[in-house]
Amino acid sequence: MALYPYENYGYLKSENEQSRSFAKLNSDENGLANAIYVIEEKEPSALVDKKIGLSEIGSICLNFDFEKVENIYSGYNPDIYKQDNFVGYAFKNAEIFVSFEGETATRIYERIQVSARSGSKSNFAKCFVPDRNSI
């Protein structure tokens with residue numbers, strides 16, 4: 001999942017509401033019926049505009065006991081490639097990946113894996129799965 005600057009929250013929420021309304025109006029219960037949704041709003045703010053330095057991200061991650069991972073690979077066997085402009089941080093089942101240009105972060109991705117006993121799965125899921133209507 002990619003992370004976006006907080007300034008985009010209003011934009012993303014509005015865009016979500018508009019696409020949900022569009023889907024309700026144009027759905028034939030099997031998909032969208034001869035309709036295309038066009039985004040005409042302004043583009044969201046880019047993370048790179050925040051000019052967040054790699055050292056700042058690294059300092060935060062390391063303070064929370066994440067381990068730095070400098071060799072990041074992507075792809076599937078046998079086509080695995082080293083990503084030159086990526087750094088990662090890992091802690092237990094959480095991972096943060098940062099792409100960068102020079103010393104500035106351009107994108108931040110996170111991946112969190114969670115597990116729970118069968119009796120607490122529904123309560124646990126409510127903590128991490130956002131209500132579709134809340135965004």
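Points to keep in mind about this one:
- Test: residue in the range 53-60 that is at pLDDT 85 or above, assigned to a loop (DSSP other than H, G, I, E, B), under 27 Å from residue 94 (Cα atoms) and assigned by TED's automatic domain parsing to the domain that holds residue 95: no
- Candidate set from the range 73-99 (those that are within 17 Å of residue 53 (Cα to Cα) and polar (S, T, N, Q)); member that is surrounded by the most Cβ atoms within 10 Å (Cβ to Cβ): 99
- Some residue of the range 18-34 being surrounded by 10 or more Cβ atoms within 10 Å (Cβ to Cβ), closer than 29 Å to residue 89 by Cα and either assigned by TED's automatic domain parsing to the domain that holds residue 104 or modelled with pLDDT of 80 or more (or both): no
The values are calculated or read from the model by the stated rules, or taken from the named source; none is laboratory data. Treat the numbers as computed from the prediction; the structure is a model and nothing was measured. In this analysis, Cβ positions are derived from the backbone assuming ideal geometry, glycine residues included, and neighbour counts consider all displayed protein chains.
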